[in-house]
1. Find every distance from the label point of A:R124 to the corresponding label point in the other copies (7 Å from Cα along Cα→Cβ) and write them in nm, one decimal, shortest first.
2. If you split all Cα-Cα distances of segment A:47-182 into 10 Å bins from zero, what percentages do you get per bin, shortest first?
3. Tell me, what is the percent relative contact order of segment B:199-313, built from C-alpha pairs under 8 Å that lie six or more residues apart?
4. What's the local net charge at A:C85, with K and R +1, D and E -1, over the other residues with C-beta under 9 Å away?
5. Among A:G200, A:G179, A:G216, which one moves the most in a GNM of chain A with springs linking Cα atoms closer than 10 Å?
6. Just grab the label-to-label distance for A:A258 and B:S188, each label 7 Å out from Cα along the Cβ direction, in nm (one decimal).
7. Apply the Karplus parameterisation 6.51 cos²θ - 1.76 cosθ + 1.60, with θ equal to phi minus 60°, to every residue of segment A:199-209 and state each ³J(HN,Hα) to the nearest whole Hz, in sequence, with x for glycine and proline.
8. If you take the accessible area of B alone, add that of A alone, and subtract the area of the pair, what total do you get in Å², probe 1.4 Å, to the nearest 100?
There are 2 protein chains.
Amino acid sequence: MVALDQEFRMSDALLLIHGGAGVPADAGLLAPQREALRDILLAGQRWLAAGAPAVEVVVQTVALLEDCPWFNAGHGAVLNAEGDCELDAAVMDGSRLQAGAVAGLRRTRNPVRAAEALLKGGSRPLMLIGAAADAYAQAQGCEMVTPGYFETPLRRAQWQAWRAAAQSAPRLDHDGRMGTVGAVARDSSGNLAAATSTGGMTGKAVGRIGDSPLIGAGTYADDRVAVSCTGTGEAFIRLAAAHAVAARLRWGGQGLQAAAASVVQEELPRVGGEGGLIALGRSGDGVWAFNTPGMYRGRVGVQAEPRVAVFAD
Amino acid sequence: MVALDQEFRMSDALLLIHGGAGVPADAGLLAPQREALRDILLAGQRWLAAGAPAVEVVVQTVALLEDCPWFNAGHGAVLNAEGDCELDAAVMDGSRLQAGAVAGLRRTRNPVRAAEALLKGGSRPLMLIGAAADAYAQAQGCEMVTPGYFETPLRRAQWQAWRAAAQSAPRLDHDGRMGTVGAVARDSSGNLAAATSTGGMTGKAVGRIGDSPLIGAGTYADDRVAVSCTGTGEAFIRLAAAHAVAARLRWGGQGLQAAAASVVQEELPRVGGEGGLIALGRSGDGVWAFNTPGMYRGRVGVQAEPRVAVFAD
C-alpha cells in the first residue's frame, strides 16, 4: 500500500483514478497506458480548477477511461463467455448519498453516464439492468453504439486464448494489462464522489455482475470518504468492501490508511480476493491500496501535478 | 421498534421472518396472513430442531414465503410497469461470508433457490441477472414455471389501479397487505444466515433492482449478525443498510438493538426511506425494527413457540 504524500493531502480539490489491479505482463504497453492516465488526469485537473462538483468530475473522468481502449470498461472492455461485452457502472454522490447504477449494458457507449442519469433522477430507481437499462440510457439522451464498438482486437485475442484453454472459470485480466476503471474526487466545496465502470472478467458468465455496479461493494461515497474498488468482484461483494472502508472510518474511528489497508491486505485475502481500491477522505487525504503486484492509478490536484503509477512506485 | 423478549434471546436455534413493511389496509386479510406466517414458522421450527444449518433454514423458509400468495415474492409478486413479474432474491451464509444473488428472474419458481445455487457454487459467480439467471437456475435443477404462475388476481387488480391512477412513480405496497419477504436464522452451531426475496414495487420500471438482492443493502450476514430488510429499496441501497447494522456492531461496538434502531429510525428517514428489518445476533439476541405502522413478522425457536405480529403488538 502506498499512502499519498503531504503535498497532495494539502491540496483542496483532488482526483484519484485507477485503471484496474493486476500483473502487467507486457512492458511494451505500459508507456501508452501511463500516457493515457496522465492525459485523463490533466482533463480532471481542469474540471477541478473550474470548480466542477465532485460527482461531475468522477463521471467525466470515468467516461474518458471508458473511451480509452487500454482499460477494461466501455471501448476495450473484456468479452464474456459468449464473446460479447456486458458493461456495468455505478456512481455515488457522497454529499447527498445519491447514487445510480447499471448492469448488463450492451449498447450504451458510456455506462457511467447511464448511472449518472439515474443519480440525477433522484435515485428512483437507483439501479437498472439489461436491455431496460440501455433503453433508459437512450431515453435520457446517452449516446448509443452497436455492440461492436466496445470490442478491440486485443480483447478478442484474449477471449480466444481463454476459450482455447477451455478454462471453465472466468479470469481477472491477469496477463494483465488492464482492468476495471474508477475515480474518486473531492471538490472545492469538500464534497466527495466515487464512480466505477467495468467490462467484468474475460469469459465471465453471461449475466454475471461483479462489485463495480453494486453500491457498497465496489463503489461508495458519503460525507467522510469516497471509494472505488477493482479486482475479483465476488470477494469485494462478500465484504461490502467499499462500505467497509467508510464504516471503519465512521463507526470505528479508524484513519483512512488503516481502514484501506485492513480491507485490502487482511480481509480480502481471507475470502480469496485480489485487487485494490482508491479512497479519498473529506480532509483531502487520499490512499490507494492493492494486494496485486500492480494497479494502474494516478492522482492530481488543482495545484498538484499529475502523478501516474503502476507498481509500488 | 420492538426488541425480542428474554425467552427468545436465550433459546439456542432461532428463526425470524418478515413478510414486508407497510400499512395493512384490509383487516379482512390479516387473519390468513397471520396464519400463513405461523405455519411457516412451525416448519422452520422443525428444521431448526433437526439441526439444519442456518443457511438451509433461511432458504427453505423464504421458499415457503415465496410460495405463499399473500406476500410479495414468488407466487403473489407485484407487477412491474409492463404488468409482468420480475423477481429478485439473495442469500448469505455468515459463517463463511458466502452469498448468492439473482435479479430480474421471470421463470424460476423460487428465486431464493437460484440464489442458493450460486452460494453453493462458491459464490463464483455470486450474482446473475435476467434471462441468464433463469437459465442458470434451470441448469442447476431449480423448478421452472411460466410467468403466469407468479400472478394473482389481487396483484393484477393492484396493477390496474396503479395504471388507472396514471402514477408515474412506483409505489410500495402501501394499500398494503403484503411485501418483500425475508428470514434470518441462527442454527445450533451458532452460525448465522439471511435471505430476502421480492417482486419489488407495483409499477416499478422494467429492469429496476431494489435492495433485496444486493448483498450489503437488503441482505447481509457475517459471524456476528444476520440482517434482512424490507421497504423503499433505493433508500436501503444508499445506506448499505444491512451492512451498516453489521458494521455498527463490528466496528462501533454497538448493541444489536441500538444499531437496528439507528439505521431504521434515524438514517432511513434522512434519505426518505420507509420500511424495516429483522436481525439476529450470534448470541441469539434478535430484533425487528420498522418505521412504518406495521411489518408482517414472526419468530420461533426450538423451544420457543411461534409468535406472529403485524403492528406494534
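The values are calculated or read from the model by the stated rules, or taken from the named source; none is laboratory data. In this text, all values refer to a predicted model and were calculated from it rather than measured experimentally. Note that each Cβ is placed from the backbone with ideal geometry, even for glycine, and that neighbours are counted across all protein chains shown. Ligands, DNA and RNA are excluded from the accessible area calculation, which covers all protein heavy atoms including side chains. Shrake-Rupley method; radii C 1.70, N 1.55, O 1.52, S 1.80 Å.
1. When each copy's label point is compared with this one, the spacings are 4.2 nm.
2. 13, 41, 31, 13, 2, 0
3. So the answer I get is 20 percent.
4. That works out to -1.
5. Residue with maximal mean-square fluctuation among A:G200, A:G179, A:G216: A:G216.
6. It works out to 4.2 nm between the two label points.
7. Karplus values, whole Hz, x for Gly and Pro: x, x, 10, 4, x, 4, 4, 4, x, 6, 10.
8. Buried surface at the B/A interface: approximately 3200 Å².
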